[in-house]
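Here's the structure, in structure tokens; my notes come after.
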Amino acid sequence: MIHAKSGDNYFLQQLAETEFTGTVHSVFKRALNIRSVANGEIFTLATKAMDNAPNTLVIDLDTLDNLHINQNDQVRMKYHQLLIEDKLTIAIETATLWQCRLPIFPSDTAKLKQNIVQVKQFIDIYGKSGGMKRSDSPVSEFEAETSRLLKERTALLHEALCNRRFDNFQQYALDLVGLGPGLTPSGDDFLVGLLTVIHLEHSPCSMYQPLCESVIKLMKPLTNDISYTTLNKAAYGQVRESIHALVSVMLSGTEGEAIQALKKVLAIGSSSGTDIALGLISGFEANIELGG
């Protein structure tokens, strides 16, 4: 039996309070995704090197290799244990409760402005290209065109945000969904960062929260299940622990703390962390322009 180390409050509630059943959606070395039979929602089992995240249970395993878990394997709860066929049994009672609570946007943005400069410089040097960060030598015309569209559409979205063009904001956000290669397209990842900043309490951009919650429903057919789950959670201010940590130190930490937190975000996926960080920066700069 494997023990759960920590878990998202909502996921643990689903496991404890409902007769949870599901099927394996997809399996990777460090994460396994489950589709709930009840509502089709995607939940994740993550190995112990991963950070906490919405809809996620972190378990005491280094890898999911060699468990022979396959797509469509049956998942169910029984006696406080999560079972995947006869291949994996997880005790959930050992899980420490985790919930994302985003910080309050400060009235004094001097520290944020300093940290934005340092973070942007670090991304320019160490951020991963191929998504929001344009590659100096794109491997194909498709990559070059995708990069051009990402730059163009994120600029339009940022401009709409800063100029309170609410109708344009929704359309420009939708234009980014599904744009880019990979499990979580770059346009989606950028939006995750931007949505995070919009959901900071006292954030000048928080006026867009109702729009985020209405537009998310239109995003579902435009991207894949896993990316949509992340977007849907971000649309309600729920993001993974490393993103939360970066936001917190950018608002009130030192430049050194901001860079250390940034490194953990940049490690997410291939270019996903870079794309998310650039979405955060776009949101922070919009807040400052709107009067933050």
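The values are calculated or read from the model by the stated rules, or taken from the named source; none is laboratory data. Predicted model, so just to flag it, every value in this text is computed and none were measured. With ideal geometry, Cβ positions are generated from the backbone for all residues, glycine too; neighbour counts draw on all protein chains shown.
Please tell me if Thr89 is closer than 19 Å to Leu15 by Cα and among the hydroxyl-bearing types (Ser, Thr, Tyr).
Answer is yes for this residue.
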Quiz item: Of the residues Ser252, Ser271, which single one is more than 27 Å from Gly7 (Cβ to Cβ), of a type outside the set (D, E, K, R) and at pLDDT below 95?
Solution: Ser271
Quiz item: Within the stretch 169-176, can one find any residue that is under 15 Å from Ser214 (Cα atoms), surrounded by fewer than 24 Cβ atoms within 10 Å (Cβ to Cβ) and without any contact (Cβ under 8 Å) to a residue 12 or more places away in the chain?
Solution: yes
Quiz prompt | Yes/no for Lys120 being under 21 Å from the mean Cα position of the chain (by Cα), under 23 Å from Leu251 (Cα atoms) and basic (Lys, Arg) | solution = yes
Exercise. Output yes when any residue across the stretch 188-197 is surrounded by 24 or more Cβ atoms within 10 Å (Cβ to Cβ) and part of a loop (DSSP other than H, G, I, E, B), and no when none is.
Key: no
Quiz item: If you take the residues in the stretch 254-283 that are in a loop (DSSP other than H, G, I, E, B) and out of contact with any helix residue (DSSP H, G or I) (no Cβ under 7 Å at 6 or more places or on another chain), which one is farthest from Leu191 (Cα to Cα)?
Solution: Thr254
Exercise. Go through (1) at pLDDT below 95; (2) among the acidic types (Asp, Glu); (3) over 19 Å from Phe190 (Cα atoms) one by one and return the number of the condition Glu85 breaks.
Key: (1)
Exercise. Would you please list the contacts, defined by Cβ atoms under 7 Å and residues six or more apart or on different chains, that run from a residue in the stretch 48-72 that is assigned by TED's automatic domain parsing to the domain that holds Thr23 to a residue that is part of a loop (DSSP other than H, G, I, E, B) and among the hydroxyl-bearing types (Ser, Thr, Tyr)?
Key: Ile59/Thr47; Leu61/Thr47; Asp62/Thr47; Thr63/Thr47; Leu64/Thr47
Quiz prompt | Single match in Ile69, Ile42 (criterion: crowded, with 19+ Cβ neighbours inside 10 Å and at pLDDT 95 or above) | solution = Ile42
Quiz item: Which of the following residues is closer than 19 Å to Gln99 by Cβ and in contact with a helix residue (DSSP H, G or I) (Cβ under 7 Å, 6 or more places away or on another chain): Thr56, Thr44?
Solution: Thr56
Exercise. Would you please list the contacts, defined by Cβ atoms under 9 Å and residues six or more apart or on different chains, that run from a residue in the stretch 210-238 that is buried (at least 22 other Cβ atoms within 10 Å of the Cβ) to a residue that is in a helix (DSSP H, G or I) and of a type in the set (Lys, Arg)?
Key: Leu231/Lys220
